[in-house]
There are 2 protein chains.
Amino acid sequence: MKLNIIALVTILTFSGLLCIGQSTQTAVVKDFKTSATTQEGKEYPQVNSEGRVRVQISAPEAKMVQLDIGAVKYDLIKDENGVWTGESAPQDEGFHYYQLNIDGASVPDPNSLYFYGASRWGSGIEVPAKDEEFYTMKNVPHGQVREHTYYSEINNSTRRCFVYTPPAYDQSGNKRYPVLYLQHGGGENETGWSSQGKAGLIMDNLIAEGNAKPFIIVMSNGNWRMPNVPRGERTAGSWPPKGWADGFMNSLLKEIIPMIDANYRTLDDQKNRAMAGLSMGGMQTKAITLANTDVFSHVGMFSGGSISLEDLEGAPGFKENVKLLFISYGSHELDNPRRGSGKEPKENTDALKAAGMNTHFYVSPQTAHEWQSWRRSLYQFAPLLF
Amino acid sequence: MKLNIIALVTILTFSGLLCIGQSTQTAVVKDFKTSATTQEGKEYPQVNSEGRVRVQISAPEAKMVQLDIGAVKYDLIKDENGVWTGESAPQDEGFHYYQLNIDGASVPDPNSLYFYGASRWGSGIEVPAKDEEFYTMKNVPHGQVREHTYYSEINNSTRRCFVYTPPAYDQSGNKRYPVLYLQHGGGENETGWSSQGKAGLIMDNLIAEGNAKPFIIVMSNGNWRMPNVPRGERTAGSWPPKGWADGFMNSLLKEIIPMIDANYRTLDDQKNRAMAGLSMGGMQTKAITLANTDVFSHVGMFSGGSISLEDLEGAPGFKENVKLLFISYGSHELDNPRRGSGKEPKENTDALKAAGMNTHFYVSPQTAHEWQSWRRSLYQFAPLLF
């Protein structure tokens, strides 16, 4: 009898789960809209008010087509014309990389715009966020994002950065501006912050509202390989990239900063120079700013670790010279210590505050190790600068 | 007997064709190299010295995978691991759009970089050209390409142009520069000229060699829809785009040119202002420059028609005010009058020259209605400007 009860409970539990599964399917809210990251003139991908992503593709001869997003694959359903359609479970607000899988081939969705991340150019989807207003394109004065190509002696190669100049930069005569050096994460590149990161729009809106001072932002490629490493051994996708700490720091200090100061109307002293980055870029920011306390005055690490009292022991001057230390995470990273570091970032930041540093700790609500956390981090960080 | 001889010749001819077909297959030159448009860290797509494009994709469950390039589909071959590989017939030198077909689904190659053309973001391949030196990235001073966002009252929307500023623009004090307004083709957008068109590199190299004067290039989005047209009816892919002549001309003259003159150090008179474009952009150039002879002094039409003596009858002042009329085509366009207009462009250009205009007619060797023709056209056109 006892066994039977257990069996009954087990059956009920599984039935319940199955019911939940089915009711989730039938309860999909039918308010899908074309996404902001859908190619012009295309109908799909779409997103509904729950954050489900719906894709569609014609593949008449295919046996199986899946939507691969958030590390889960969702089966699409084929109609009589060979057109496959299907949607994901609700996704967090913000931007996500995704792909399609057609009979075992992982490919970009031909209907989406493409972004560089996860070590590849591929599909991305924008799930509307309740707070998206801060990175929405508005009829306000816009800065420019400049593609700046240069030759790196240190890397023995032509490299590229993107430089955001604030609205009216070209009309402001001899006015000089502070500079933020802002780095992407691992598997990403110098396009990330101005594309899916919306850095330019975030700054345009903050400046228009009077909530941030106008400053220049330099978005460099922080991926680094040593010169003469064959193409097949490039490090964009490997972790940690060989030589990035020495290589990128060296280039940033000896090539990029002098080049920016020579080519733009910068305020070129320590108190007008900030560095921040996300994930790998946060770790680079930590390594570089701890080692160069006379170069940067404002430091931001977004989902990229934290700085402890112990770290300061090897970095004389950091506590005195750094006017702001900003640490942030997505809430889901802290929920799940495997992705972040649990309580440690907050505890470290509090300890530095108690020791007299100007620290800020920010948690992006209901987001993970993804761009919505970093957009919000920049939106919180920028008003505190300079 | 006569019939038999004809039969024999026929048989030999067909056998010969078959042999040629087979020997072409077996004679594929085995010197494939990773392409300039292959994603960093990826091995394929590759191109060999014949200009064949080889792609590879893992698709273990697929029944058929094809490479779709130059309006021909080439079957790929599957190996024991489910990886498909295959190559095209030799392609013309230069840049081509392409895609993969997996069990009936047309998708981008996940290993290529992506470009906007043929009314979609998708794969592109660079076939090395004997003359590629003129658009190769070199260690010379580089200009910048600026993403310039603005609000168009006429279109009631936020639009974007890219602006090339020549090397040393930011260090040259009060120096002012002439401006070329340079338009993309149908199914393309404002990204084309600076991405697959290599406009920045072409200018950097010309200026470094002293073969062109430094000038600003403005690359606008020439696709046009009337305000309040629903998204589904956008005109990026349709031909001719509804309202482009009035709409884009109106915006160019009343919004874009004044904005550029206000934001950049331009020489803002007619003799320092040029307009050129490819294909649809050439037709726009024709319509706009004929109607505004007091605005532009140098005119270029690349694979976009020509201007006849008859056209001048409705355009008083064009003959006197325009200092250069440059007409160009890819040779394969003129070989095949269905794509271009056969002899007419040359005859029209010669007639205007005979009438006293400074005209240039250029034919890009061994290229079609594709970007290599337009890169070469810019390379020929730019040294003649200003």
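The values are calculated or read from the model by the stated rules, or taken from the named source; none is laboratory data. Here the structure is a predicted model, which is why all the values come from computation and not from measurement. Ideal geometry is used to build each Cβ from the backbone, glycine not excepted, and the neighbour counts take in all protein chains shown. The accessibility values were calculated without ligands, DNA or RNA, using every heavy atom of the protein model including side chains. Shrake-Rupley method; radii C 1.70, N 1.55, O 1.52, S 1.80 Å.
Of note:
- Residue B:76 passes every criterion in (1) at the interface with another protein chain (Cβ under 7 Å from one of its Cβ atoms); (2) over 30 Å from residue A:136 (Cα atoms) apart from (1).
- Taken over the range A:50-64, the criterion of being more than 14 Å from chain B (Cβ to nearest Cβ) and touching a residue at least 40 places away in the same chain (Cβ under 8 Å) is satisfied by A:50, A:51, A:53.
- The single condition among (1) facing chain A (nearest Cβ under 8 Å); (2) part of a loop (DSSP other than H, G, I, E, B); (3) under 17 Å from the mean Cα position of the chain (by Cα) that residue B:110 does not meet is (3).
- Some residue of the range B:148-165 being more than 25 Å from residue B:296 (Cβ to Cβ), more than 9 Å from chain A (Cβ to nearest Cβ), open to solvent by 10 Å² or more (accessible area, probe 1.4 Å) and outside any loop (DSSP other than H, G, I, E, B): yes
- For the range A:53-78, a tally of residues being open to solvent by less than 80 Å² (accessible area, probe 1.4 Å) and on the phi > 0 side of the Ramachandran plot returns 1.
- Counted residues, the range A:133-143 - those being at the interface with chain B (Cβ under 10 Å from one of its Cβ atoms) and in contact with a helix residue (DSSP H, G or I) (Cβ under 7 Å, 6 or more places away or on another chain): 6
- Subset of the range A:90-110 [free of Cβ contacts under 8 Å to residues at least 40 places away in the same chain, of a type in the set (Ser, Thr, Tyr) and touching a Gly at 6+ places or on another chain (Cβ under 8 Å)]: A:97
- In the range B:79-95, residue nearest to the other protein chains (Cβ to nearest Cβ) [restricted to those that are closer than 21 Å to residue B:188 by Cα and open to solvent by less than 10 Å² (accessible area, probe 1.4 Å)]: B:95
- Top-ranked residue of the range B:57-107 - restricted to ones that are assigned to a strand (DSSP E or B) and among the acidic types (Asp, Glu), ranked as farthest from the chain's Cα centre (by Cα): B:75
- The criterion of at least 2 residues that are among the basic types (Lys, Arg) is met, among helices (runs of 4 or more DSSP H) falling completely within the range B:316-367, by B:344-354.
- Exclusive hit being of a type outside the set (Asp, Glu), closer than 30 Å to residue A:153 by Cα and either touching a residue at least 12 places away in the same chain (Cβ under 8 Å) or assigned by TED's automatic domain parsing to the domain that holds residue A:165 (or both), set A:254, A:323: A:254
- Failed criterion for residue A:130 (all others in (1) within 30 Å of residue A:53 (Cβ to Cβ); (2) without any contact (Cβ under 8 Å) to a residue 24 or more places away in the chain; (3) more than 9 Å from every other protein chain (Cβ to nearest Cβ) hold): (2)
- Filter pass, residue B:365 being exposed (fewer than 15 other Cβ atoms within 10 Å of the Cβ) and within 16 Å of the chain's Cα centre (by Cα): yes
Every residue, every condition in (1) open to solvent by 20 Å² or more (accessible area, probe 1.4 Å); (2) modelled with pLDDT of 95 or more; (3) not small (Gly, Ala, Ser), yes or no:
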position	(1), (2), (3)
B:277	no, yes, no
B:308	no, yes, no
B:315	no, no, no
B:324	no, yes, yes
B:330	no, yes, no
B:360	yes, yes, yes
B:384	yes, yes, yes
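- Subset of the range A:29-49 [more than 14 Å from chain B (Cβ to nearest Cβ), in a loop (DSSP other than H, G, I, E, B) and closer than 17 Å to residue A:95 by Cβ]: A:48
Here's the yes/no breakdown for (1) of a type in the set (Asp, Glu); (2) part of a loop (DSSP other than H, G, I, E, B); (3) closer than 29 Å to residue A:33 by Cα:
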site: A:133; (1), (2), (3): yes, no, yes
site: A:137; (1), (2), (3): no, yes, yes
site: A:174; (1), (2), (3): no, yes, no
site: A:201; (1), (2), (3): no, no, yes
site: A:205; (1), (2), (3): no, no, yes
site: A:211; (1), (2), (3): no, yes, no
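- Qualifying position, being open to solvent by less than 10 Å² (accessible area, probe 1.4 Å) and within 12 Å of another protein chain (Cβ to nearest Cβ), among B:102, B:125: B:102
- Top-ranked residue of the range A:113-122 - restricted to ones that are assigned to a loop (DSSP other than H, G, I, E, B) and not hydroxyl-bearing (Ser, Thr, Tyr), ranked as farthest from the other protein chains (Cβ to nearest Cβ): A:118
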